[in-house]
Amino acid sequence: MRPIRSACLGTATALVTLLACAPLATAATDNDSARDKGKHQVITLIGRLAEQTRFPVNPGGPAAQGDRTVVRSILSDQAGNQVGETGGFCTTTRAALPGDSGGAEECVVTYTLPDGQLTVQGMYFGILNPGPPPSFDNAITGGTGKYHRARGSVHADTIGTGTRRFTIDLYL
């Protein structure tokens with residue numbers, strides 16, 4: 001057997017490091033150039049709950065880790081024209097305990113719009129508190145069609161019973 005030369009090992013390490021870091025440098029450049037080229041867009045939509053089904057771990061018992069909720073909403077623009085829908089699910093990750101802030105869920109939602117889809121994911125806190133659901137912010141994790149390079153975030157505010165305003169801060 002021939003021993004591995006340290007020069008070859010050093011070259012291989014440098015090559016692996018270069019290849020591993022290249023996508024990060026490209027991603028940082030792409031993100032900056034998207035902002036510089038004006039590919040930033042803010043979309044405001046109104047979502048009205050159309051369906052919601054809960055799948056509890058302990059039927060008839062208190063909320064528990066692992067409970068799931070499946071939702072679908074109809075999306076409209078600010079003029080009231082229907083422009084799409086959402087579909088997604090949330091899994092309870094923390095049930096409310098005494099002195100807790102109302103539990104937490106991890107949610108994955110797809111926004112289906114005329115020019116493509118946006119996928120969104122994130123935590124939703126205070127889900128078990130009485131009163132209107134709290135506001136939340138989630139990350140845009142990808143998309144299709146016009147949104148195939150989408151990044152950004154979605155902020156949601158409850159504006160009525162079963163109604164939310166979604167502010168989509170989008171970088172294409």
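The values are calculated or read from the model by the stated rules, or taken from the named source; none is laboratory data. Since the structure is predicted, the reported quantities are computational estimates derived from the model, not experimental observations. Here Cβ is always computed from backbone atoms with ideal geometry, including for glycine, and neighbour counts include all displayed protein chains. Note: areas computed on protein heavy atoms with side chains; ligands, DNA, RNA excluded. Shrake-Rupley method; radii C 1.70, N 1.55, O 1.52, S 1.80 Å.
Need one word for the range 53-130: rounded, prolate or oblate. Basis is the Cα gyration tensor (sqrt eigenvalues a ≥ b ≥ c); a/c below 1.5 gives rounded, then a/b vs b/c decides. Judged from the Cα gyration tensor, the range 53-130 comes out prolate (a/c at least 1.5, a/b above b/c).
Under 13 Å from the Cβ of A50, count the other residues' Cβ atoms, weight Lys and Arg +1, Asp and Glu -1, and hand me the total. Don't jump to the answer; show the numbers that get you there.
On the way: positive: R48, R72, R164; negative: E51, E85.
Net of charged neighbours comes to +1.
For the range 91-172, report the % of Cα-Cα distances exceeding 22 Å. Present the calculation step by step, with values, prior to reporting the outcome.
Numbers: 1043 of 3321 pairs.
Above the 22 Å cut-off, the range 91-172 has 31 percent of its Cα pairs.
Count charges around L113 for me, please; just the other residues with Cβ under 12 Å from its Cβ, Lys/Arg as +1, Asp/Glu as -1. Please report the intermediate quantities before stating the final value.
On the way: positive: K146; negative: D77, E85, D115.
The answer is -2.
Per-residue accessible area (protein heavy atoms, 1.4 Å probe) orders F125, F166 as F125, F166, starting from the largest. Per-residue SASA remark: T167, around 50 Å² accessible (1.4 Å probe; ligands, DNA and RNA not included).
Between I74 and L97, what's the calculated FRET efficiency when r is the beta-carbon distance and R0 is 30 Å? Round to 0.05.
On the way: r = 35 Å, r/R0 = 1.16.
Approximately 0.30, to the nearest 0.05.
Only alpha carbons enter this Debye calculation for the range 43-95, each as an equal point scatterer, and the log10 of I(q)/I(0) it gives at q = 0.15, 0.20, 0.26 Å⁻¹ is -0.52, -0.70, -0.90.
Charged neighbours of Y124, selected by a Cβ distance under 9 Å, balance to -2 (K, R count +1; D, E count -1). Go through T69, G80, L49 and say which Cα lies farthest out towards the positive end of the charge dipole of the range 44-120; charges sit on Cβ, +1 for Lys and Arg, -1 for Asp and Glu. Projecting each Cα onto the dipole axis, the largest value belongs to T69.
Only protein heavy atoms count here; under a 1.4 Å probe, H40 has an accessible surface of about 80 Å². Shown are D67, D137, whose ranking by accessible area with a 1.4 Å probe and every protein chain present, most to least, is D137, D67. With 0.36 nm allotted per residue and the present C-alpha distance subtracted, the S153-R48 stretch has 35.8 nm of extension available.
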